[in-house]
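Chemist: I have a structure here, written as structure tokens, and I will follow up with some questions on it.
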Amino acid sequence: MTGAVTLGAVYRIEWQPGTDVLIGTCHCGAVHESEDPVEMWDWLLAHPIGHG
């Protein structure tokens, strides 16, 4: 392999089993819960807006 692999920001969305709740964790450590995956991605990608 030539060259270094660089990664951008890491976002994590976990599903709470037995519910419709998604738990999103931003690369900055902020956590957000939502039942709507679109709203979750909007929140994650809008960094830092909404990260209170």
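Chemist: Condition first: under 9 Å from the mean Cα position of the chain (by Cα) and either of a type outside the set (D, E, K, R) or surrounded by 13 or more Cβ atoms within 10 Å (Cβ to Cβ) (or both). Now tell me which residues in segment 9-22 satisfy that.
Modeler: Val10, Tyr11, Ile13
Chemist: Output the residue which, of all residues in segment 23-37 that are in contact with a helix residue (DSSP H, G or I) (Cβ under 8 Å, 6 or more places away or on another chain) and small (Gly, Ala, Ser), is surrounded by the most Cβ atoms within 10 Å (Cβ to Cβ).
Modeler: Top of the filtered list is Gly24.
No lab work stands behind these numbers, since they all come straight from the coordinates. What you are looking at is a predicted structure, and each value in this text was computed from that prediction instead of being measured. Cβ: placed from backbone, ideal geometry, glycine included. Neighbour counts: every protein chain shown.
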